[in-house]
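The values are calculated or read from the model by the stated rules, or taken from the named source; none is laboratory data. All values reported here derive from a predicted model rather than from experimental measurement. Quick reminder, even Gly has a Cβ in these numbers, built from the backbone with ideal geometry, and neighbours come from all protein chains shown.
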Protein chains: 2
Amino acid sequence: MFSHPDTLAAFAEYCEVLTVEHERLDLGLVQMMEDNGSILRPGTKTIRAAFDKLHQRRILSNRGFPVPAFSEVRGPDDLFDFSSAHGFPVVLKSVRAGLPGQRAVWIVENRTEALRVLAEQADRELMAESFQAIVKELVVIVARRPGGNSRTYAVAEVINQDGACLEIRTPAPIGHRVAIEARELALRLADELDAVGVLAVELFLTTDGLILNELAARPHNAGHVTIEGSPTSQFENHVRAVLDLPLGPTWANAPAAVTINVIGGLEGIDPANNLPDALVVEGAQVHLYGKRPRPGRKLGHVTALGDDMEQARELARRAEAALHGRRL
Amino acid sequence: MFSHPDTLAAFAEYCEVLTVEHERLDLGLVQMMEDNGSILRPGTKTIRAAFDKLHQRRILSNRGFPVPAFSEVRGPDDLFDFSSAHGFPVVLKSVRAGLPGQRAVWIVENRTEALRVLAEQADRELMAESFQAIVKELVVIVARRPGGNSRTYAVAEVINQDGACLEIRTPAPIGHRVAIEARELALRLADELDAVGVLAVELFLTTDGLILNELAARPHNAGHVTIEGSPTSQFENHVRAVLDLPLGPTWANAPAAVTINVIGGLEGIDPANNLPDALVVEGAQVHLYGKRPRPGRKLGHVTALGDDMEQARELARRAEAALHGRRL
């Protein structure tokens, strides 16, 4: 349906306001809908910044936001110009947001590796970015209403494994000053993009400070922790924002909250079969998405609150292990 | 569909387990389904005790549970025998659970009033109960799995106005000993009735101690407070119990929680129109059921947690007043 302009236009006729679930959209269609008078929240400006990373880097670097050095890569020459200026390793990226599970980032150490990626990904638009010395990966979830009223949740730390998000910890174990800086950066970014709804701002904390990684113009995995962790979840605040209703409180319900993603293992075990073992872990909240298990596929997540991070992690890890038939 | 045996039986064929949303059912049909091998949770025994109050009083008084003095009322003679033995006022009740909003209890002060109710309600089966000197109305929500594993939530105090439940406060402001007694009574009752799922046990705290008022074999208005007030809501624990999964924790998320029902006023105001004003009350959670407003109709509820009861009440009352276009 997303690809049929007439169907989409007819659907929009019935809607007072429209929102999106992800940013992998046909930007021409999205723009057409806004031009036709549909109210899209977030609008084309925000969706485009999340979808087209080159465009995003261009507008945000122009406005002084901390983005890595970057360059369009139309061929080997562009890439070698970039590596001459910034050195290896170079981060090669797909310009357009990819499908979930689709690889979209390659860290290349030299010219040979770079040429191989360029050849393999010849059908995709690529860009280059300077490699960052990452201390932590952070996410700030912002909810913003039309007109600019906005709120952020506690900064989350994201732990990745094999390129996929494994664990989310809130509040991120960072200093107060960095936390405030991260939240202010996210708010300014939401203003800059006229974001409406939830905007997830992925940041790198590097040895040189905060740098913008990616944007998502929608509720985000790192915000699932808000279902139990805050009085108003990211989903509720997304809907409130899109409907231009007052935003709900985003404070933390407990001193620490941890979410662990339930990722399909090589054995092909269906975590749903182990649900009873996970539910006995008191204080862990199990969310299964009803998907068919496949190695590496995100099948659900588990959240636990705690008086401190260790307690919350311990509960979440026990429940997650139980879903995989393991005992900690 | 509830009244067509064939449709119901065909539907049950597709179900591993069935549950019910209320107890106003055709008991013959319910029994037929169990006889046909369907797994009903709660089963006929529990549903009948909630639906047929005379039957309930009989079995429970036989097992020593604290129920008021009671008698079947087939006509004036039965009633006068009862009032001679127990004096006026007498509580006249419909034997069968009525529809929501349908009057099912009459407190009569003398023979003339009694005869009037008997004449007006000639088409309903009635029973008489002794009048209680009520200090507080309490509700204990029990969740119970097949086999008997069970949990209770904090005892709730219910505040009625004009015969309808207006406000729920947890924990009920009662002594520890009474609270323990109430929870134990509710657990014993759930065992006695082989209840599976949520059983709501309505109690009167009288000057003579606890007396059983009504039973509901389902999630209950007094348990809505558990949505925000406990890690596992009554709804989740009902489903867990019915599916024979481990029950989730029922502890309190905050020292106090208050739910205020949103009742349609005489002015016919639709609270949905005032939603923005209610949502600005930070910490109050607004639930509207999408029903058309009608005087006296329950249209939603508001819950607030607090560090103490006054704080929680204050928030819930402000949000509820805002829904009615009032400002406290």
Matching residues, region B:259-304, being more than 14 Å from chain A (Cβ to nearest Cβ) and β-branched (Val, Ile, Thr): B:259, B:260, B:262, B:263, B:269
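Residue-wise test of (1) farther than 19 Å from residue A:158 by Cα; (2) within 21 Å of the chain's Cα centre (by Cα).
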position: A:242; (1), (2): yes, yes
position: A:255; (1), (2): no, no
position: A:259; (1), (2): no, yes
position: A:278; (1), (2): yes, no
position: A:291; (1), (2): yes, yes
position: A:297; (1), (2): no, yes
position: A:302; (1), (2): no, yes
position: A:308; (1), (2): no, no
position: A:312; (1), (2): no, no
Subset tally (residues that are closer than 14 Å to residue A:263 by Cβ and in a loop (DSSP other than H, G, I, E, B)) for region A:293-324: 6
Flag for residue A:297 being touching a residue at least 40 places away in the same chain (Cβ under 8 Å) and surrounded by fewer than 17 Cβ atoms within 10 Å (Cβ to Cβ): yes
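Quick grid of which residues meet (1) in contact with a strand residue (DSSP E or B) (Cβ under 6 Å, 6 or more places away or on another chain); (2) in contact (Cβ under 8 Å) with a residue 60 or more places away in the chain; (3) among the basic types (Lys, Arg):
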| site | (1), (2), (3) |
| --- | --- |
| A:100 | no, yes, no |
| A:109 | no, no, no |
| A:116 | no, no, yes |
| A:120 | no, no, no |
| A:129 | yes, yes, no |
| A:152 | yes, yes, no |
Residue check, residue B:138 in a strand (DSSP E or B), free of Cβ contacts under 8 Å to residues at least 40 places away in the same chain and buried (at least 17 other Cβ atoms within 10 Å of the Cβ): no
Failed criterion for residue A:266 (all others in (1) part of a helix (DSSP H, G or I); (2) over 24 Å from the mean Cα position of the chain (by Cα); (3) among the hydrophobic types (A, V, I, L, M, F, W, C) hold): (1)
Flag if residue A:245 is closer than 22 Å to residue A:42 by Cβ and more than 14 Å from chain B (Cβ to nearest Cβ): no
Any hit, region B:250-257, residues being free of Cβ contacts under 8 Å to residues at least 12 places away in the same chain and touching a Pro at 6+ places or on another chain (Cβ under 9 Å): no
Qualifying residue in region B:216-225 (condition: away from chain A (no Cβ under 14 Å), in a strand (DSSP E or B) and surrounded by 17 or more Cβ atoms within 10 Å (Cβ to Cβ)): yes
Selection count, region A:14-70, where residues are more than 30 Å from residue A:132 (Cα to Cα), β-branched (Val, Ile, Thr) and under 21 Å from the mean Cα position of the chain (by Cα): 3
Scope region B:26-38; condition surrounded by fewer than 19 Cβ atoms within 10 Å (Cβ to Cβ) and either in contact (Cβ under 8 Å) with a residue 24 or more places away in the chain or assigned by TED's automatic domain parsing to the domain that holds residue B:194 (or both); matching residues: B:26, B:27, B:29, B:32, B:36
Test: residue A:248 is in a loop (DSSP other than H, G, I, E, B) and at positive phi: no
One residue from A:41, A:63, A:58 being buried (at least 17 other Cβ atoms within 10 Å of the Cβ) and at pLDDT 95 or above: A:41
Residue within region A:150-170 that is touching a Leu at 6+ places or on another chain (Cβ under 9 Å), part of a strand (DSSP E or B) and within 14 Å of another protein chain (Cβ to nearest Cβ) present: yes
Region B:141-169 - residue that is under 15 Å from the mean Cα position of the chain (by Cα) and of a type in the set (Ser, Thr, Tyr) and, of those, surrounded by the most Cβ atoms within 10 Å (Cβ to Cβ): B:153
Some residue of region A:229-238 being more than 14 Å from chain B (Cβ to nearest Cβ), touching a Phe, Trp or Tyr at 6+ places or on another chain (Cβ under 9 Å) and at pLDDT below 95: no
Hey, residue B:212 surrounded by fewer than 22 Cβ atoms within 10 Å (Cβ to Cβ), at negative phi and within 14 Å of another protein chain (Cβ to nearest Cβ) or not: no
